[in-house]
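We did not get these values from a lab; they are worked out from the coordinates using the rules stated. Here the structure is a predicted model, which means the values were calculated and not measured. We place every Cβ from the backbone using ideal geometry, glycine too, and count neighbours over all the protein chains shown.
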Amino acid sequence: MRGSTELGGRHHHVKVRDTDPTTRVATDGVYTEYFEPDVFVSRERITGDPGIDPDVPLELRVEFNDMGRDRTLVRIIQGPYEPDVAGWHGQAWEKELTRLAAFLDGTGLDGSKGKGASA
């Protein structure tokens, strides 16, 4: 993953699918809105995913809302997707957020303690 977190900044990352390690899905985007630390919006081109047309740009919007008591609501909106792949992408975001939560609380997905645990 690499990028520049600023308005007009670019980012690039490659995801290896859990279910098929030979599949690599690349995302290239440009931040079209950036309000640190609360909101960022990116216009993206995704390649390597058979369910996404790489010639149709997507938009990703991520909002962080302070809910008090050390809680943050993270809202992720991405699309447009065809209805038959939208559900799969929602499930993928849920898996990523579960991994992130495990990493942040120091347990990792394998139940081990400490930073660097499998995430």
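So for segment 48-67 (the condition being aromatic (Phe, Trp, Tyr), part of a strand (DSSP E or B) and in contact with a Phe, Trp or Tyr (Cβ under 8 Å, 6 or more places away or on another chain)), does at least one residue qualify?
Scanning segment 48-67 turns up no residue that is aromatic (Phe, Trp, Tyr), part of a strand (DSSP E or B) and in contact with a Phe, Trp or Tyr (Cβ under 8 Å, 6 or more places away or on another chain).
Which one is farthest from Pro21 (Cα to Cα), of the residues in segment 43-71 that are of a type in the set (A, V, I, L, M, F, W, C) and under 14 Å from the mean Cα position of the chain (by Cα)?
Among residues in segment 43-71 that are of a type in the set (A, V, I, L, M, F, W, C) and under 14 Å from the mean Cα position of the chain (by Cα), the one farthest from Pro21 (Cα to Cα) is Phe64.
Suppose we filter segment 39-77 for residues that are among the polar types (S, T, N, Q) and more than 18 Å from Lys15 (Cα to Cα); how many remain?
Residues flagged as among the polar types (S, T, N, Q) and more than 18 Å from Lys15 (Cα to Cα) within segment 39-77 amount to 2.
Looking only at segment 1-39, filter to residues that are of a type in the set (Asp, Glu) and free of Cβ contacts under 8 Å to residues at least 60 places away in the same chain; which one of those is surrounded by the most Cβ atoms within 10 Å (Cβ to Cβ)?
Among those residues, the one meeting the criterion is Asp28.
Could you please find all residues in segment 1-43 being aliphatic (A, V, I, L, M), in a strand (DSSP E or B) and out of contact with any Gly (no Cβ under 9 Å at 6 or more places or on another chain)?
Once the filter is applied, which keeps residues that are aliphatic (A, V, I, L, M), in a strand (DSSP E or B) and out of contact with any Gly (no Cβ under 9 Å at 6 or more places or on another chain), segment 1-43 yields Val16, Val39, Val41.
Answer yes or no: is there a residue in segment 72-86 that is over 16 Å from the mean Cα position of the chain (by Cα), exposed (fewer than 12 other Cβ atoms within 10 Å of the Cβ) and hydrophobic (A, V, I, L, M, F, W, C).
no
Is segment 40-48 home to any residue that is aromatic (Phe, Trp, Tyr), surrounded by 14 or more Cβ atoms within 10 Å (Cβ to Cβ) and more than 20 Å from Trp93 (Cα to Cα)?
No - not one qualifying residue is present in segment 40-48.
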